[in-house]
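The block underneath contains the structure these notes are about, expressed in structure tokens.
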Amino acid sequence: MKFILSAMLVLCATFGKAQTRPFKISTTHLTGNVYVYVSYGLPDDKTPFPANGLYIVTANGIILIDTPWDEAQTQQLVDTLQRRYKQKIKLCISTHFHSDRTAGLDLLKKNGVKTYATVLTNQLAKRHGNKQAEFTFSKDTVFNVGGGVAVQTFFPGGGHTKDNIVVWLPQSKVLFGGCLIKSMETNSIGYTADANIPEWPGSITRVKNRFKNIRYLIPGHQGWQGDMLMFGHTISIVKQPG
């Protein structure tokens, strides 16, 4: 685990110095049939910044949690997974409406992938001119993929955005916290134009109370070392004065 995280830090440093478009995604085995993929964007128009997503390999196809940050990287991921596993992506769940979670939705639809988001996420995506999922759900949902694989969504309340959800994989005890959760690598609250800062700490507490025996906690950006410590770390960041 330490080797993987060190490699990620070196990779991020390399990208920060030299990488320009087109970006190249990277993938890391997490546990069992669960993998983290990393795509890149330029939120400040200067320095590439990593965004984490998940994919889960099942006998009935691959499940994607969030899309890469643009369509080119989404196509890379589609091609990589097809080549590596001889399987197609079956469905994709977007965890909020920002483009680092939704930019590849149209391309996935063209590839026959069923794309899902909450009703609120699609509403916000439409309002802000971002891509929208084909299918929506209005309450916490369990996607039973087959082969004993379940993917559970949970809306804890507002935080990074008003619509952010987390995704729980009960078989592997992996919680994808997305952008609700801040990596131990940062002390910055990040982009807050769409945030609900007063509600954020309470949302994190609801997540922490709901899911037990978490083995891996994956934030929306940067490394995931620290696992459960990221809950308190995020609350501390959110409560920082001005």
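The values are calculated or read from the model by the stated rules, or taken from the named source; none is laboratory data. Values in this document were obtained by computation on a predicted structure and should not be read as measured data. Note that we place each Cβ from the backbone using ideal geometry, even for glycine, and neighbour counts take in every protein chain shown. Just the protein is used for accessible areas: all its heavy atoms, side chains included, with ligands, DNA and RNA removed. Shrake-Rupley method; radii C 1.70, N 1.55, O 1.52, S 1.80 Å.
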Using Cα springs under 10 Å in a Gaussian network model of the chain, which residue among Lys24, Lys182, Lys86 shows the largest mean-square fluctuation?
Lys86
Using DSSP to define loop residues, name the trypsin sites (Lys or Arg not before Pro) in segment 91-162 whose beta-carbon has at most 13 other beta-carbon atoms within 10 Å.
Lys139
Using the Cβ atoms and a cut-off under 10 Å, what net charge is assigned to the surroundings of His98, where Lys and Arg are +1 and Asp and Glu are -1?
-3
Quick check: from the Cα gyration tensor, does segment 85-211 come out rounded (a/c under 1.5), prolate or oblate?
oblate
Site Glu199, offset 7 angstrom along Cα→Cβ, radius 14 Å on amide nitrogen, limited to segment 157-191, gives 157-166, 180
Computed from the beta carbon distance with a Förster radius of 35 Å, FRET efficiency for Asn187 and Arg127 to the nearest 0.05 stands at 0.70
(i) 132; (ii) 166; (iii) 120: which one is volume of the Cα convex hull per residue in Å³ as calculated from this entry?
(iii)
Hey, any idea what % of the chain's accessible area is carbon plus sulfur with a 1.4 Å probe?
52
What residue among Leu64, Leu105, Leu81 has the largest mean-square fluctuation in a Gaussian network model of the chain, using Cα springs under 10 Å?
Leu81
Length added when fully stretched, Arg84-Lys114, from 0.36 nm per residue minus Cα-Cα:
8.7 nm
Of Leu175, Leu120, Leu54, which has the largest mean-square fluctuation in a 10 Å C-alpha GNM of the chain?
Leu120
May I ask which of Lys109/Lys212; Lys126/Lys173; Lys86/Lys131; Lys46/Lys114 have a Cα-Cα span longer than 31 Å here?
Lys109/Lys212; Lys126/Lys173; Lys46/Lys114
When each of Lys24/Lys239; Lys139/Lys208; Lys24/Lys139; Lys24/Lys110 is checked by Cα-Cα distance, pairs over 30 Å:
Lys24/Lys239; Lys24/Lys139
Given a 1.4 Å probe and the protein chains all in place, what does the accessible area of Ile197 round to, in Å² to the nearest 10?
70
Mean residue ellipticity at 222 nm from the helices of the chain, using -39,500 (n - 2.57) per DSSP H segment of n ≥ 4 over the full residue count, to the nearest 500 deg cm²/dmol?
-9000 deg cm²/dmol
Around Cys92, which amide H atoms from residues at least 5 apart in sequence, or from another chain, sit under 5 Å from its own amide H, with H modelled in the peptide plane?
Leu64, Lys114, Thr115, Tyr116
